[in-house]
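The values are calculated or read from the model by the stated rules, or taken from the named source; none is laboratory data. Remember, it's a predicted structure, so these values are computed and weren't measured experimentally. Counting neighbours? That spans all protein chains shown, and the Cβs are built from the backbone with ideal geometry, glycine included. When the accessible area is computed, the model is the full protein with side chains, heavy atoms only, and any ligands, DNA or RNA have been set aside. Shrake-Rupley method; radii C 1.70, N 1.55, O 1.52, S 1.80 Å.
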Amino acid sequence: IFISYSRKESSELVEMIVTNFENEGVMVSLDMRDNGPTKSIKEFETAIGNGNIVIVILSDLYFESDDCMYEMAALVKRGEIPKRVIFIDRLKDVQRNTESHNLIKKKWEEEFDKYHDVGPTDTALLDKKKDIGDIVTLFSTFWGFATDRVAFMSTNVEIDKADGLIALVKDRLTS
């Protein structure tokens, strides 16, 4: 199981979830703990995108984080989001509505526009431009799932110590 989240906003929640999952014998893979110095973050983002069960903790800073948004793009590329992804809502200022969608998408479009003069020999910047282009292209699809398929509110996960989340994941693992 993978968790995609903003470390700046959701680390404590993630720590509690991981502890309770692992107490139940369910292993969770985290970038900061499991990626190690020999693996690239891109490899880990690809692994999250290909994961059979991915918990996405939606938070305001999730949508501002390059790494979170690269993970988001990888999830959408693989598809089958309803079968693979479980959303937890930890949003404060961002709302799951059209206005927030448009503001977030505009931010990433503006970021993409910064790379319009990248030359064909600058492979690092071309890779970054491609990654940001994927975010712009795939964001609306992700947003549709994130607004329609939120399974848990973060406060409920905190209150029940992730018991409901663990039950859902165990059910998916056995099916």
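Odds and ends about this structure:
- Looking only at residues in the range 99-118 that are of a type in the set (D, E, K, R) and farther than 24 Å from Leu75 by Cα, the one that is surrounded by the fewest Cβ atoms within 10 Å (Cβ to Cβ) is Asp117.
- Among all residues of the range 54-61, there is none that is open to solvent by 90 Å² or more (accessible area, probe 1.4 Å) and farther than 26 Å from Thr174 by Cβ.
- Positions within the range 51-66 being under 8 Å from the mean Cα position of the chain (by Cα) and assigned to a helix (DSSP H, G or I), in sequence order: Tyr62
- Count of residues meeting criterion [under 26 Å from Ala73 (Cα atoms) and open to solvent by 40 Å² or more (accessible area, probe 1.4 Å)] in the range 153-170: 3
- The range 62-98, residues that are basic (Lys, Arg) and open to solvent by 30 Å² or more (accessible area, probe 1.4 Å): Lys77, Arg78, Lys83, Arg90, Lys92, Arg96
- Any hit, the range 119-132, residues being farther than 22 Å from Lys8 by Cα, touching a residue at least 24 places away in the same chain (Cβ under 8 Å) and open to solvent by 50 Å² or more (accessible area, probe 1.4 Å): no
- The listed residue being among the aliphatic types (A, V, I, L, M), at pLDDT below 85 and either assigned to a helix (DSSP H, G or I) or touching a strand residue (DSSP E or B) at 6+ places or on another chain (Cβ under 7 Å) (or both), out of Met69, Met32: Met32
- Any hit, the range 89-106, residues being touching a Leu at 6+ places or on another chain (Cβ under 7 Å) and touching a residue at least 60 places away in the same chain (Cβ under 8 Å): yes
- Which listed residue, of Lys161, Lys130, Lys107, is part of a helix (DSSP H, G or I), within 23 Å of Arg7 (Cα to Cα) and over 15 Å from the mean Cα position of the chain (by Cα): Lys107
- When the range 19-28 is filtered for residues that are more than 19 Å from Glu71 (Cα to Cα) and either touching a strand residue (DSSP E or B) at 6+ places or on another chain (Cβ under 7 Å) or in a helix (DSSP H, G or I) (or both), the ones remaining, listed by number, are Thr19, Asn20, Phe21, Glu22, Asn23.
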